[in-house]
Amino acid sequence: MPTAAPLRVIQITDLHLTARPGSRLWGADVDAGLNAVLAHIQERRPAADFVLATGDLVGDDPGAYPRLRQLLEALDLPVYCLPGNHDFPGVMGQVLRDGPVRWERQFSVGDWQFVLLDSSFPRTPDGHLAPGELALLDTALAIHPELHALVCLHHNPVPVHSAWLDTMTVSNSAALFAVLDRYPQVRAVVWGHIHSEFAARRGALHLLATPATCMQFKLDAPEPQVDDRSPGYRWFELHPDGALHTGVERVALPARPHGLTRRVPA
Ligand SMILES: [Fe+2]
């Protein structure tokens, strides 16, 4: 059934959650960033229809998936997940098997189709799309030529002008674009991994990356370097005619309570 109003979709990425609250990643409070982002999403009006979570959902801690599910269920929205290089696909597939927060591969809402690819590769931070992922994409797009499509994955499929992050670009991105180029209904490719905002075009195709909910990286640094920008997320308005509007929200972290300022040891 065609929808008159646009679909309102949120993308969150690179949560790096651990089983216990209070962990830090490159100095950033992982829970504080995620909580601020989730609170901002809950206050949005009109409310989102659903959320896409594009990998590094946990930070090298397979025990964090139950807490991840609990935190995201509080949004009271469907959350469709895919894995990144810091995830554990086997555990993730078990804990996020069903329910409102789940690992999903493909679904359609209104006039749009969403395909979620797994670009993670065992024991490496590099991105790679296995033949089965490319076949899934090809099949999904071939079955629904009438639906506009948004394709999600974790790793950047194009260089993002970062000397060190571009060493982890999807290694077989040519094979990905060989599929995408055959389906003009694909409106955007969306990813995380770079902990930064990025936007480019490939013809009419939007190429979009989104800030992490935790710490941010400087893209123009020659080696890994923290950017002091705030955590964030991306919003989409996806219209029935294929028009796509998008933007990034940066979310201020709450001020540290006075009682918790670091004390200088005597
Ligand atoms: Fe990450």
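Computed from the coordinates by the stated procedures, all read-outs in this text should not be read as laboratory data. Because the structure is a prediction, the values reported are computed rather than measured. Reconstructed Cβ throughout: ideal geometry from the backbone, glycine too, with neighbour counts over all protein chains shown.
Here is the list for region 45-118: trypsin sites (Lys or Arg not before Pro) lying in DSSP coil, each with at most 13 other C-beta atoms within 10 angstrom of its C-beta, are 97.
Per-residue Cβ neighbour counts within 10 Å put 60, 241, 14, 49 in the sequence 241, 60, 49, 14, beginning with the fewest. Neighbour counting of Cβ atoms within 10 Å sorts the residues 223, 197, fewest neighbours leading, into 223, 197.
In terms of overall dimensions, the C-alpha atoms belonging to region 113-266 reach 68, 36, 24 Å along their principal axes, ordered largest to smallest. Counting only DSSP beta bridges with both residues in the chain, tell me the antiparallel percent, nearest 5. Restricted to the chain, the bridges split so that about 50 percent are antiparallel.
Note that region 95-101 has calculated 3J(HN,Hα) couplings of 6, 9, 6, 8, x, x, 10 Hz, one per residue in order, obtained from phi through the Karplus relation 6.51 cos²θ - 1.76 cosθ + 1.60 (θ = phi - 60°); glycine and proline are x. Ranked for footprinting exposure by Cβ neighbours inside 10 Å, fewest first, 26, 191, 112, 103 give 26, 103, 112, 191.
Checking the a/c ratio against 1.5 first, then a/b against b/c, what shape does the Cα gyration tensor give for region 71-150? Oblate is the answer for region 71-150, as a/c is 1.5 or above yet b/c matches or exceeds a/b.
Decide, for the chain, between rounded, prolate and oblate: order the square roots of the alpha carbon gyration tensor eigenvalues as a ≥ b ≥ c, take rounded if a/c falls under 1.5, and otherwise choose prolate if a/b is larger than b/c, else oblate. It is prolate, given that a/c is not under 1.5 and a/b is the larger ratio.
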